[in-house]
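The next block holds one structure in the form of structure tokens; read it before the comments.
Read-outs throughout are calculated quantities, based only on the coordinates presented, and are distinct from any laboratory measurement. All of these numbers come straight from a predicted model, not from anything done at the bench. We place every Cβ from the backbone using ideal geometry, glycine too, and count neighbours over all the protein chains shown.
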Amino acid sequence: MTTTGTALKSYGPMQFPDRAGLHLWQFERAQRLGLIPGPDVNGKRWSRALFDDAIARIDTIKQATGTLPDVGAARAERHLADRFSITVHSGTAAELARRGHLPVRGEYHARPLYCGLALETFRDRRKVQRASAAGRLHLRDAAAKTLGVRESDFDHLLRAGLLTHSEIVEGRHHTQARLYRQADLDRLLRSRRIDWPAVHATPKGHRSPLAALPTRKRTDRATGG
């Protein structure tokens with residue numbers, strides 16, 4: 001038996017996992033998976049009968065809940081890189097979630113936490129590679145370079161609503177940096193609304209064709225063309 005200490009008549013949400021030898025996240029995941037019922041004493045505590053039943057199945061519960069807690073994007077991406085021995089770019093976890101492959105299980109400091117169980121059981125290397133390629137995030141300068149445009153051209157694209165940032169991250173000295181998603185840049189490069197050869201051929205100091213783009217109204221939705 002995994003229990004520690006004297007048996008209680010009922011167990012609180014911290015006592016139950018502590019005495020059962022479970023991490024709190026394992027306990028919460030076991031409840032989500034239906035392996036441990038909700039509290040049956042005043043809606044707040046678990047009876048000794050429920051606790052003893054869980055203890056009798058504790059090895060099964062631990063196996064089913066896995067070994068990886070729900071984690072942030074950086075840790076999720078490191079896990080995938082190590083698991084498949086490939087380069088996994090920042091933005092991959094969000095892209096996998098966007099495609100329905102990686103559930104979000106809450107947040108920490110306003111940042112999403114990704115399902116550790118889904119990460120631990122993930123088997124599809126190609127899905128990770130595709131998500132890494134599409135979800136890769138770029139700072140403004142790198143995004144402009146990817147598009148092959150000048151800083152002023154980039155401003156025109158933003159003004160017209162043809163491009164918008166995917167994330168905002170905290171930089172040095174409490175500054176914020178906007179990040180742009182590779183798939184959005186690729187979609188923009190395929191847009192028929194822009195004469196890209198003309199844009200790329202415009203010499204420095206000359207008016208860009210992008211200057212003629214209409215300014216997006218606030219009620220309009222930004223699209224990639």
Query raised in the report: Which lysines have a Cα lying under 28 Å from the Cα of LYS204, excluding residues fewer than 8 positions away in the same chain?
Result: LYS145
Query raised in the report: At 222 nm, what helix-only mean residue ellipticity would the chain give, in deg cm²/dmol to the nearest 500, using -39500 (n - 2.57) for each DSSP H run of four or more?
Result: -12000 deg cm²/dmol
Requested in this report: Please sort by residue number the trypsin sites (Lys or Arg not before Pro) in the range 90-160 whose DSSP state is loop and whose Cβ has at most 13 other Cβ atoms within 10 Å.
Outcome: ARG99, ARG123
**Report entry** Between helix 125-135 and the chain: long-axis angle, C-alpha atoms, 0 to 90°, nearest 10
**Finding:** 50 degrees
**Report entry** Sites THR6 and ILE55 - FRET efficiency at Förster radius 22 Å, r taken between beta-carbons, to 0.05
**Finding:** 0.95
Query raised in the report: Cα atoms only, the range 50-166: Rg and Dmax in Å?
Result: 18.9, 67
Query raised in the report: Roughly what would the spin-label model give for LEU33 and THR164, points 7 Å off Cα along C-beta, in nm?
Result: 3.8 nm
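Using the Kirkwood radius over Cα pairs, work out the Stokes-Einstein diffusion coefficient for the range 16-77 at 37 °C and 0.692 mPa s, in µm²/s as a whole number.
Translational D for this selection: 266 µm²/s.
Exactly which trypsin sites (Lys or Arg not before Pro) in the range 39-95 are in a DSSP loop and have at most 16 other Cβ atoms within 10 Å?
In loop regions of the range 39-95 (DSSP not H, G, I, E or B), the sparsely surrounded trypsin sites (Lys or Arg not before Pro) are LYS44, ARG57.
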Report summary line: One computes Rg over Rh for the range 102-154 from alpha-carbon atoms, with the Kirkwood Rh, and obtains 1.16
**Report entry** Descending semi-axes in Å of the chain, equivalent ellipsoid built from Cα gyration tensor
**Finding:** 51, 17, 14
